[in-house]
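A quick write-up on the structure given underneath.
Every read-out reported here was derived from the displayed coordinates using simple, explicitly stated rules and does not represent laboratory data. Computed from a prediction, not measured in an experiment: that's the story for all the values here. Cβ coordinates were reconstructed from backbone atoms using ideal geometry, including for glycine residues, and neighbour counts include every protein chain displayed.
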Amino acid sequence: MNSALNPISVVAVIVSLLLIGTTVMMYLNHRTLQRQLKQQKQWFEHELERIGKIDSETGAVSRDWFRHLLDSECRRAVRELTPLTLMRMHVDHSSGVIEAPMLAQIVEQINRMISRPGDQVGRYDARSIGLLLPSTNEHAGRFADRCVQSLQEKFASQGVRFTLAGWTFQPTAELSAVRAQEMLDKLYDEAVTTSPGQVVYQAEQADALSMNYNL
């Protein structure tokens with residue numbers, strides 16, 4: 001009895017193995033490609049979200065995201081019964097023009113002066129920068145003075161002047177992002193008009209002693 005394998009059978013087995021191997025490789029490659037595409041999509045979505053939150057010219061929080069954070073912090077302040085402070089700083093240059101690189105330097109300097117994770121520096125417009133300081137009491141006014149003094153010392157030779165309006169709000173039922181922003185904007189306009197180069201600060205009085213951080 002001839003036990004030799006039929007050449008045709010051998011070829012068929014080899015072809016079958018090759019087809020199986022090719023199918024497995026294609027499946028693995030497809031899974032790898034899907035995983036890579038998913039990772040790229042997640043990275044792209046994360047970057048879009050990150051870019052939308054940050055002002056590309058200054059590195060500060062974007063205006064829209066700053067408003068979103070203000071709304072969230074107002075709600076949290078009322079819920080946790082902790083005051084919050086909102087500030088707006090006007091930047092004025094002797095030339096009448098404020099370039100974005102200079103605003104970026106100012107934002108960087110302010111960020112060096114705040115250390116708590118919840119504190120935020122945002123861009124309002126071409127000439128003003130906002131500060132959102134949750135869980136702060138009336139001592140935030142001292143921080144405002146130190147902040148402006150530090151900036152004036154650093155940028156005095158560049159002909160820059162800083163006017164800051166700040167308001168510490170108590171966690172009353174009336175506190176909201178809209179109300180806080182309206183009150184601060186009014187104080188800001190008055191400060192820029194009547195007290196340029198100075199700090200104008202107001203604080204609502206607390207009815208009872210609360211535990212809040214000093215800056």
Cα gyration tensor, the range 63-186 - rounded (a/c under 1.5), prolate or oblate
prolate
Gyration tensor (Cα) of the range 67-127, equivalent ellipsoid semi-axes in angstrom
28, 13, 9
Using only the alpha-carbon atoms of the range 105-145, report the extent along each of the three principal axes, biggest first, to the nearest angstrom.
29, 17, 17
Could you sort the peptides 165-175, 84-94, 66-76 by per-residue average Cβ neighbour count (10 Å cutoff), highest mean leading?
84-94, 165-175, 66-76
Can you order the peptides 129-136, 197-204 by their average number of other Cβ atoms within 10 Å per residue, highest first?
129-136, 197-204
